[in-house]
Each structure stands twice: as C-alpha cells, then as structure tokens.
1. Take the conditions hydrophobic (A, V, I, L, M, F, W, C), in the same structural domain as VAL17 (by TED's automatic domain parsing) and surrounded by fewer than 19 Cβ atoms within 10 Å (Cβ to Cβ) and apply them to ALA118. Does it pass?
2. What's the number of the only condition in (1) at pLDDT 95 or above; (2) on the phi < 0 side of the Ramachandran plot that GLY174 fails to meet?
3. Looking only at the range 279-335, count how many residues are over 15 Å from the mean Cα position of the chain (by Cα) and of a type outside the set (Phe, Trp, Tyr).
4. What is the number of the single condition among (1) modelled with pLDDT of 95 or more; (2) of a type outside the set (Asp, Glu); (3) in contact with a Ser or Thr (Cβ under 6 Å, 6 or more places away or on another chain) that ALA114 does not meet?
5. Name the residues in the range 15-28 that are surrounded by 15 or more Cβ atoms within 10 Å (Cβ to Cβ) and out of contact with any Asp or Glu (no Cβ under 8 Å at 6 or more places or on another chain), would you?
6. Does VAL325 count as crowded, with 23+ Cβ neighbours inside 10 Å and touching a His at 6+ places or on another chain (Cβ under 6 Å)?
7. Give me the residue from the range 284-339 that is free of Cβ contacts under 8 Å to residues at least 24 places away in the same chain and touching a helix residue (DSSP H, G or I) at 6+ places or on another chain (Cβ under 9 Å) and, out of that set, farthest from PRO97 (Cα to Cα).
8. Quick check on my filter: what residues within the range 108-134 are under 20 Å from LYS81 (Cα atoms), of a type in the set (A, V, I, L, M) and in a loop (DSSP other than H, G, I, E, B)?
Amino acid sequence: MRMSPRQHRSNRPPRTVSIIGTGSYVPERILTNQDLEKMVDTTDQWIRTRTGIRERRIAKEHETTSDMAARAALAAMEQAKVTPEEIDLIIVATATPDCVFPATACYVQKKIGAINAACFDLGAACSGFLYALEVAQQFISTHVYNTVLIVGAEKLSTIVDWTDRNTCVLFGDGAGAAILRNRPNSHGVISTHMGSDGDFTEILLMPGGGSRCPITRENIDQRLNTIKMSGKEVYKQAVTSMFNAATRVLDEAGLRYEDIDCVIPHQANLRIIEAIAERMGLPMEKFYINLDRFGNTSAAAVAIALDEAHRTGRIQIGDYILLVVFGGGLTWGSSVVHW
C-alpha cells in the first residue's frame, strides 16, 4: 500500500536542528535617558539605577515591524548563505504586527522574496523568539521542512504610553532573526522548554485593541491600547520563572550551569538578570547584555543579543549557549544550544 507523505515522514528518524545564521536590525534614531527627562518626570540616574538602560532605538514613523524583520532576515540569510527560494517556513514572533491580519510574516515573505515559504505569526510577547525556535525545531526534526526563518520583531514605540514614566523608559524597537536547518554531524539545539501561566495575564498586557476591549470614542482617552505593567509583580515572576526554566532545560540537556559558556537572557532589566545570575551561581561575565543600548525590545531582544554575541565573537564554535526569556501571558522559555 502506498503511504501518504505524512506517514512517510513520521517513519523517518528525527533530525538534529542547528542555527546556521543570525541577523539583526535596529533603527537609527537613539532616544536617550536625557531625552526622556524632557518628556516625563524622570532622570537618567533613576532609569539607570532601576533598569540598567541608557538609551533605546525608535523606528521612523513609516518604518513597520515587517520592515525591520525583513532587514534582520536578510542579514541572517546572507550569513547562512541561504537564498530566498530555499526558505520553507517563516515564523515572526511579535506583539506589534503590521496589522491584525494578514500575518506580518506574509509581509516579510514579500519583502525578502521567499516565494516558497509558508508563513505565520506567533504571539508569546517577550518569549516569542524562543517559542518560534521550538516550533521551527519540530518542523525540521520531523522532516516537514528543511529551512526555517524565525524572526522576533517589535515596534513597541507604537504601543508605549509616553506619559507613563514607569513604562515608557523601558522599551525600544528592533528585530532579530535566525535561519535553522539540520546540519550533519552537529547537535545544535540540544533541548528546549516552554511554559505559561494564565493566572497572571493582568500584570503585563495591552488591555485595549482586541475583541475583549475594542478602542472606541468613549475609551480612547484611557490609553488602553498601550502597555500596562505591575512592575514589582513582573520582577518577582520573571526571576522565578526564568531561573526554573533554565534549570529544567539544563537538566534535560544533561548539563550544569558551570558547563555553560554564555547565557543570553531576555533583555528587560539589569536587576532581573543580576538576580538570576546570583541564583545560578554564575558571574555576570558569562551573561551577554545589551539592554543598556537597546532597552527591552520584547520578542526581538534575545534575538538581537544572540546575533551580536555571534558576530562579535562572544560565542565560539563548540560553546554551550543558554537562552532564557520571560514575557506577558505569563510566558517563559529556555533553550540550550551547542554552537
């Protein structure tokens, strides 16, 4: 009896998955803490001591999430030596899509010429890039697709309340991307973990703009289509969730914290990273940090940091890399990669 393609794929042994190229893009405009002092009641010292952020990038008015995503994607494709036609799937992780539909991934497909790709967006807030990594890994390991492009991209400046000094100082715009493939004789992505807790949906969210709370003339002045955050609760949950996710993924990989050459955490707040480092028993020198220059770029943050660490030589072939993230939902994720 002739088997269907799906049955045929299921009988083939799983493949390993590697990151074969990375790319990133950040807008030219720099918004410093000193600039914010002129906009809201804050100071450079207040921002730096509480967050570690000195500046962030802000996209031009006409620059869309898909524009930034496409720039990062092309950089990753160039490094991986992958043509647009070779890409089978595009996953864009974002909380700030170009529009509700179609998917931002479809706009990226058009802009990079990936005519053979299937496309969809993924929503897991700041955890989105590692969620996309796990999804892509499943498609490749099961022989459904050979080459997958994943992108974390955000234009958070469009959903920030620029009158709220507690949140507007935190966020920036940008995009990061990676090309995933099976690479013979290489393990690549060793283990991954994803998690969520819907009991905490209200501590970090954009309450308006969806079917739950459409924006109307009557509520427009309440700024419901901007980010709302309970800072203290987010801090507590982020530290616990990221540490637990990291510990779990290391256990699954059969590794210890001291085996890790570089930790690339979500770039949200330096205090959070310092608290995680203390729990892990690792020196800060093992952590790659760029939030001082870019702020929190949500789904793009860990992707931009990964690309920078790769291109600057911070991570080398043979290194064990630990990626760990946290976002609204609540969501969290972690991954161990053998570079």
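1. Judged against the criteria, ALA118 is a match.
2. With respect to (1) at pLDDT 95 or above; (2) on the phi < 0 side of the Ramachandran plot, GLY174 is out only on (2).
3. 21
4. Evaluating ALA114 over (1) modelled with pLDDT of 95 or more; (2) of a type outside the set (Asp, Glu); (3) in contact with a Ser or Thr (Cβ under 6 Å, 6 or more places away or on another chain) leaves (3) as the failure.
5. ARG15, THR16, VAL17, SER18, ILE19, ILE20, TYR25
6. Values: crowded, with 23+ Cβ neighbours inside 10 Å: yes; touching a His at 6+ places or on another chain (Cβ under 6 Å): yes.
Criteria met by VAL325.
7. Going through the qualifying residues, I end up with MET284.
8. If the condition is that a residue be under 20 Å from LYS81 (Cα atoms), of a type in the set (A, V, I, L, M) and in a loop (DSSP other than H, G, I, E, B), then ALA114, ILE115, ALA117 are the ones that fit.
The values are calculated or read from the model by the stated rules, or taken from the named source; none is laboratory data. Predicted model, so just to flag it, every value in this text is computed and none were measured. Using ideal geometry, Cβ is built from the backbone for each residue, glycine included, and neighbour counts are taken over all protein chains shown.
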